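The values are calculated or read from the model by the stated rules, or taken from the named source; none is laboratory data. If you're wondering where the values come from, they're calculated on a predicted model, not measured in any experiment. So basically every Cβ, Gly included, is an ideal-geometry build from the backbone, and we count neighbours across all protein chains shown.
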Amino acid sequence: MRRNQVAVVGAAETTELGVIPNMSQIQLHADAALNAIADAGLKLSDIDGFATAVETPQQMAHYLGITPTWVDGTSVGGCSFMLHVRHAAAAIEAGLCKTVLITHAESGKSMIGKQPRFTAPDSLNGQFEAPFGVYGPPSMFPIPVLRYMKTHGITHEQLAMVAVVQREWAAKNPRATMKDPITVADVLNSRMIAYPFRLLQCCLVTDGGGALILTSADRAKDFPRKPVYILGTGESVETPMVSQMKTFDSSRAFKVAGPLAFKEAGITHKDVDHLMIYDAFAHLPLYGLGDLGFMPHEETGKFIADGNTRPGGKLPLNTNGGGLSYMHSGMYGMYALQESVRQMRGIAPAQVPNAKISVCHGVGGMFAASGTIIFTNER
Amino acid sequence: MAEPARAKPKPTPETQHFWDGTKAGELRLQRCDACANIYFPPRPFCPSCASRKVSVFKASGKGKLYSYVINHRPAAPGFTPPYAIAVVELDEGPRMMSNIIDCPQTPEALELDMPLEVAFEALDDKITLPLFRPAKG
Ligand SMILES: [Zn+2]
């Protein structure tokens, strides 16, 4: 895909984040969509392309009252929205549509109008994972981490520092769910969830949503907000069964999607001013730093523990507080994208001064899928 | 039997040989006749070279502990926390999820790369699960 041909011209989250007991899941989508439409200075009738995940495009298009000529229902977990951005950029460039709306929302905490997840007993997951006691993401996502730690020499304290540093960012963000400072000892003494991970190393469970509006870069200058351009993109999938990953000391999906985006963007790691790595659990930023090529995996734990990703550090990472402290409705990728857009617009609560390039990397399922978007505010 | 039971697999035409194997006390894997790739989970073609000429064979049942979590909460139906959910690397190469029995469910007892051997646990007259225990000797 060509660089900087498509831009984000509208971006917004739901009016509230956290516990929203007065809205169903589809209404959370609509709330985010209406906020993004207002942000872009558009009407819903201007939207001719639509993408969403979990909820179907037809469900949400009907609820919103739009008639798209291009739809994408890619639903590969929490990074689905990175893939939507990539697909939308290609569709706009190909002339299939002009103005794309991407919505996410999840009633993750209040569970209003949210269909329960179900593993069929004759699926491969149902036959070869469910019988052994996996029960929700906390019992599955951390399964590779002990092997990662042993192979790369990562310590429990370093993995605790991921949560500590992200709380430092969250403290600067009025919309963050958890803002009180925490220490490594707090993390290592919090309630055990699935060894080696404790409560403060697992994502929050909240309600909320977000929406993005994309159009061609040529049109973007006529919109009220500073355009945020799509510089590079990548995507991949590996396996829905965490036990069947090619290896546990790396994610194949990360290693395909991330470098693809860097190559397309034509940038090196030194060019990156701001970084988001979807942190459903504390090990994900380490996998991301290694698999995206910022450093060897052996150095990732020390890099974070030494403070390089904290406020004022040389590689600001997860500056909204992340899934560990900002919010996590179940499919966090949209919120990582929102933070990258805020940073590129220069309006983030914890703004990185003069940031020009933001890398936003997402995971879907338990390392099942991945999407990477690289943004810039300079064309 | 009123207690919630653990999730029970339902075989498909492509996986029936595996579940027939565990019921017979055998851990069955598949090998590609064309490229010799050994793979899991079951399917009637080779995911490495796409050949449909594949054979089922009885695996050694030996492996080592590749990684695990000790799940505390929430616990799956039929499980009493804390319990380990393990991934076993078989001597033949493929990995599979399982549980480790005859072993304390603690980080001290569950050492990565410890040798394991398969043990079969019948859920009912149709389904037997492949579990693993620390290898003897
Ligand atoms: Zn083959």
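Some points to look at:
- Breaking point among (1) over 29 Å from residue A:296 (Cα atoms); (2) within 14 Å of chain B (Cβ to nearest Cβ), for residue A:178: (2)
- Checking each residue in segment A:176-226 for being surrounded by 18 or more Cβ atoms within 10 Å (Cβ to Cβ), small (Gly, Ala, Ser) and not in a helix (DSSP H, G or I) picks out A:176, A:194, A:208, A:209, A:210, A:211.
- Hey, residue B:41 facing chain A (nearest Cβ under 8 Å), within 19 Å of residue B:95 (Cα to Cα) and either within 16 Å of the ligand (Cβ to nearest atom) or in a loop (DSSP other than H, G, I, E, B) (or both) or not: yes
- Test: residue in segment B:31-40 that is under 30 Å from residue A:190 (Cβ atoms) and aromatic (Phe, Trp, Tyr): no
- Within segment A:248-278, the set of residues being within 14 Å of chain B (Cβ to nearest Cβ) and touching a helix residue (DSSP H, G or I) at 6+ places or on another chain (Cβ under 8 Å) comprises A:248, A:249, A:250, A:251.
- As a summary of the residue check, residue B:76 satisfies the conditions (1) surrounded by 14 or more Cβ atoms within 10 Å (Cβ to Cβ); (2) in contact with a strand residue (DSSP E or B) (Cβ under 8 Å, 6 or more places away or on another chain); (3) within 18 Å of residue A:124 (Cβ to Cβ) except for the one numbered (2).
- Tally of residues being of a type in the set (Asp, Glu), in contact (Cβ under 8 Å) with a residue 24 or more places away in the chain and not in a loop (DSSP other than H, G, I, E, B) across segment B:102-123: 1
- Residue within segment A:174-189 that is closer than 25 Å to residue A:54 by Cα and of a type in the set (A, V, I, L, M, F, W, C) present: yes
- For residue A:138: the one exception among (1) closer than 13 Å to residue A:366 by Cβ; (2) crowded, with 24+ Cβ neighbours inside 10 Å: (2)
Residue-wise test of (1) under 14 Å from the mean Cα position of the chain (by Cα); (2) within 12 Å of chain A (Cβ to nearest Cβ).
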{"residue": "B:91", "(1), (2)": "yes, no"}
{"residue": "B:98", "(1), (2)": "yes, yes"}
{"residue": "B:102", "(1), (2)": "no, no"}
{"residue": "B:105", "(1), (2)": "no, yes"}
{"residue": "B:108", "(1), (2)": "no, yes"}
{"residue": "B:119", "(1), (2)": "yes, no"}
{"residue": "B:122", "(1), (2)": "yes, no"}
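- Some residue of segment A:319-335 being among the β-branched types (Val, Ile, Thr), over 16 Å from residue A:82 (Cα atoms) and free of Cβ contacts under 8 Å to residues at least 60 places away in the same chain: no
- Residue in segment A:314-327 that is within 10 Å of the chain's Cα centre (by Cα), under 24 Å from residue A:161 (Cα atoms) and not polar (S, T, N, Q) present: yes
- Residue B:16 loosely packed, with under 14 Cβ neighbours inside 10 Å, at pLDDT 95 or above and within 12 Å of chain A (Cβ to nearest Cβ): yes
- Residue in segment B:1-21 that is touching a residue at least 60 places away in the same chain (Cβ under 8 Å), within 16 Å of the ligand (Cβ to nearest atom) and either closer than 17 Å to residue B:89 by Cβ or out of contact with any Asp or Glu (no Cβ under 7 Å at 6 or more places or on another chain) (or both) present: no
- Any pair with Cβ under 7 angstrom, 6 or more apart, that starts in segment A:255-282 at a residue that is within 16 Å of residue A:82 (Cβ to Cβ) and ends at one that is among the aromatic types (Phe, Trp, Tyr): A:278/A:332; A:280/A:141; A:280/A:332
The rows are residues; the columns are (1) surrounded by fewer than 19 Cβ atoms within 10 Å (Cβ to Cβ); (2) touching a Cys at 6+ places or on another chain (Cβ under 7 Å); (3) hydroxyl-bearing (Ser, Thr, Tyr).
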{"residue": "A:3", "(1), (2), (3)": "yes, no, no"}
{"residue": "A:13", "(1), (2), (3)": "no, no, no"}
{"residue": "A:21", "(1), (2), (3)": "yes, no, no"}
{"residue": "A:42", "(1), (2), (3)": "no, no, no"}
{"residue": "A:75", "(1), (2), (3)": "yes, no, yes"}
{"residue": "A:84", "(1), (2), (3)": "no, no, no"}
{"residue": "A:93", "(1), (2), (3)": "yes, no, no"}
{"residue": "A:100", "(1), (2), (3)": "no, no, no"}
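- Some residue of segment B:25-33 being surrounded by fewer than 19 Cβ atoms within 10 Å (Cβ to Cβ), within 16 Å of the ligand (Cβ to nearest atom) and farther than 28 Å from residue A:136 by Cα: yes
- Tallying residues that are out of contact with any Asp or Glu (no Cβ under 7 Å at 6 or more places or on another chain) and more than 9 Å from chain B (Cβ to nearest Cβ) within segment A:150-161 yields 8.
- Residue satisfying all of: in segment B:50-74; assigned to a loop (DSSP other than H, G, I, E, B) and over 23 Å from residue B:120 (Cβ atoms); nearest to the ligand (Cβ to nearest atom) among these: B:51
- In segment A:75-107, the residues that are in contact with a His (Cβ under 7 Å, 6 or more places away or on another chain) and farther than 19 Å from residue A:374 by Cβ: A:103, A:105
- Answer from A:7, A:30 - the residue that is touching a residue at least 12 places away in the same chain (Cβ under 8 Å), closer than 26 Å to residue A:376 by Cα and of a type outside the set (S, T, N, Q): A:7
- Hey, residue B:28 away from chain A (no Cβ under 11 Å), within 25 Å of residue B:5 (Cβ to Cβ) and at pLDDT 95 or above or not: yes
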